[in-house]
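Readers should treat all values here as calculations from the given coordinates under stated rules, not as data from a laboratory. Remember, predicted model here, so these are calculated numbers, not experimental data. So basically every Cβ, Gly included, is an ideal-geometry build from the backbone, and we count neighbours across all protein chains shown.
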Amino acid sequence: MVCRRHVIETLLLGALLETRGVLTAQAATSASADVVVDTWFGVKGDGKANDKANLQNAIDRSVGKTLLITGRSRIDASGLDMRTGSHLRFAPNASIKLLPHNEVFYQILRIWDVRKVVLENATLDGSKELNSAKKDPVQGGYGMGISIAGSSDVAILSTATVNCWGDGIYIANSYGHKDRCSTAIRVIDHRASRCRRQGVSIISGRDVLFENPVWENIGGTDPSAGLDIEPNSNQDVLEQIRILNPTTRNCRTGILVYLKEIPGPIAKNVQIEIMNHRDESSTDAAFSVSGLKTEGHVVTGRIASISPTWVNPRLAEVKSVGYDNAGPEIVVTGRRLVP
């Protein structure tokens with residue numbers, strides 16, 4: 001016998017989505033007691049109201065369930081915090097966009113020191129055009145779409161981060177526990193566009209996978225890379241980093257690996273594999289590995305770019321002058337250059 005409550009909830013959810021013009025077969029069939037809707041918590045999603053407080057309440061009260069974001073929510077620059085067990089799914093055309101602000105340091109969505117987080121079909125907009133902050137070339141790149149710090153078992157699926165003051169996605173160690181790196185991070189079909197600093201920064205991580213990302217039109221403050229893999233200290237980790245089928249387009253550097261800060265008393269083994277990278281029209285270089293001076297410290301490993309296609313690259317060099325040959329081996333195989 002079908003539970004009467006389940007039927008009622010399914011009908012209510014279907015009616016709600018239909019009024020928003022986003023009724024889909026997937027949403028209709030998944031409507032159940034395990035799916036809750038943002039409007040049930042007072043979220044307006046009208047593109048005008050500040051939904052920050054109600055969205056945070058919805059996230060906090062939906063742990064262990066799927067929270068469906070149905071409208072076009074606006075929030076202030078204080079951002080939102082995911083919890084252990086959070087699962088956010090965005091309906092078609094739903095989004096979260098920052099209200100006008102003047103912040104150079106923000107995170108639209110924080111995934112800090114938590115586990116088992118899923119984010120699906122999100123569009124997160126940093127409202128770069130509405131940011132009145134001073135365009136400081138040094139401190140002007142810390143507004144992030146998604147910030148992952150010291151977390152594990154994170155899946156980000158079919159998500160776009162656009163118009164961010166800094167990076168689309170930023171992955172680093174915990175801010176409260178400096179030796180806790182982010183682990184088991186899966187990002188599938190990510191798109192970053194029109195961000196000022198990076199499409200993605202990987203500062204520290206173990207078992208990090210990006211599959212089929214597109215990082216494009218990145219520029220405004222250094223280093224303006226599609227992907228920047230750049231540790232901040234000797235405590236950071238770069239192990240089992242896999243980047244599959246990435247596309248970088250109209251960036252200063254397509255993929256940048258900058259290792260200046262990783263040498264130190266803790267021996268490091270850097271493992272980075274990039275498969276089928278396609279770069280189009282980077283103004284500096286399609287792929288660059290630089291910055292490393294071991295100065296007697298142990299930094300070993302392998303940085304590999306396999307079967308890249310670089311279209312109209314200004315430079316195809318992959319190792320800067322002064323890179324310490326005692327560091328990780330740099331391997332590029334099957335490279336194809338297209339004028």
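Give the shape of the range 83-195 as rounded, prolate or oblate, defined through the alpha-carbon gyration tensor: a ≥ b ≥ c are the square roots of its eigenvalues, a/c under 1.5 means rounded, and otherwise the shape is prolate if a/b is larger than b/c and oblate if not. Since a/c reaches 1.5 but b/c is at least a/b, the shape of the range 83-195 is classed as oblate.
Apply 1/(1 + (r/R0)^6) to the Cβ-Cβ distance of D60 and N212, taking R0 = 30 Å, and write down the FRET efficiency to the nearest 0.05. Mind showing how you got there, number by number?
Working: r = 32 Å, r/R0 = 1.07.
Once rounded, the FRET efficiency stands at 0.40.
Could you tell me which of N93, C164, N325 has its Cα farthest along the dipole of the chain towards the positive end, charges placed at Cβ (Lys, Arg +1; Asp, Glu -1), taken about the Cα centre? After comparing all options, I get N93. The chymotrypsin sites (Phe, Trp or Tyr not before Pro) of the range 167-270 that meet both conditions, a loop assignment by DSSP and at most 14 other Cβ atoms within 10 Å of the site Cβ, are Y175. Residues in the range 81-86 carry Karplus couplings, in order, of 10, 6, 10, 4, x, 6 Hz; the curve used is 6.51 cos²θ - 1.76 cosθ + 1.60 with θ = phi - 60°, and Gly or Pro positions show x.
Applying both filters, DSSP loop and at most 13 other Cβ atoms within 10 Å, to the GluC sites (Glu not before Pro) of the range 251-285 eliminates every site.
Overall form of the range 33-121: oblate. Here a/c, set by the Cα gyration tensor axes a ≥ b ≥ c, is 1.5 or more, and a/b is not larger than b/c. For the range 68-211, the dipole from Cβ point charges (+1 on Lys and Arg, -1 on Asp and Glu) about the Cα centre works out to 140 debye, to the nearest 20.
Karplus-based coupling profile of the range 119-133, in residue order and whole Hz: 10, 10, 6, 7, 10, 10, 10, x, 6, 3, 6, 9, 8, 9, 5, with θ = phi - 60° in 6.51 cos²θ - 1.76 cosθ + 1.60 and x standing for Gly or Pro. Listed cross-link partners K116/K178; K116/K260; K178/K260; K97/K178; K48/K128; K44/K65 are compared with a 26 Å cut-off, the Cα-Cα value being larger for K116/K260; K97/K178. For V237, the amide hydrogen comes within under 5 Å of the amide hydrogens of G205, counting only partners 5 or more places away or on other chains and with H modelled in the peptide plane. First check a/c for the chain, with a ≥ b ≥ c the square roots of the eigenvalues of its C-alpha gyration tensor; if it is under 1.5, answer rounded, and if not, answer prolate when a/b is larger than b/c or oblate otherwise. Prolate. Taking amide H as placed 1.01 Å from N in the peptide plane, the amide H of C251 sits under 5 Å from that of N217, I218, S282, T283, each at least 5 places away or on another chain. Fewest neighbouring Cβ atoms within 10 Å first, the residues F41, F287 line up as F41, F287. Residue by residue, the range 90-103 carries 3J(HN,Hα) couplings of 9, 5, x, 6, 7, 7, 10, 10, 6, 6, x, 7, 9, 9 Hz when phi is fed to the Karplus relation 6.51 cos²θ - 1.76 cosθ + 1.60 (θ = phi - 60°); x denotes Gly or Pro. Here S132, S307 are placed in order of increasing Cβ neighbour count within 10 Å, fewest first, which gives S132, S307.
For the pair D222 and L244, the difference between a 0.36 nm per residue extended length and the Cα-Cα distance amounts to 5.5 nm. Based on the Cβ-Cβ distance from D284 to W40, what FRET efficiency comes out when R0 is 41 Å, to the nearest 0.05? Plugging the Cβ-Cβ distance into 1/(1 + (r/R0)^6) gives 0.25. Between T333 and Y175, the C-beta separation translates, for a Förster distance of 41 Å, into a calculated FRET efficiency of about 0.60. Per residue of the chain, the DSSP helices (runs of n ≥ 4 H) give a summed -39500 (n - 2.57) that works out to -3000 deg cm²/dmol at 222 nm.
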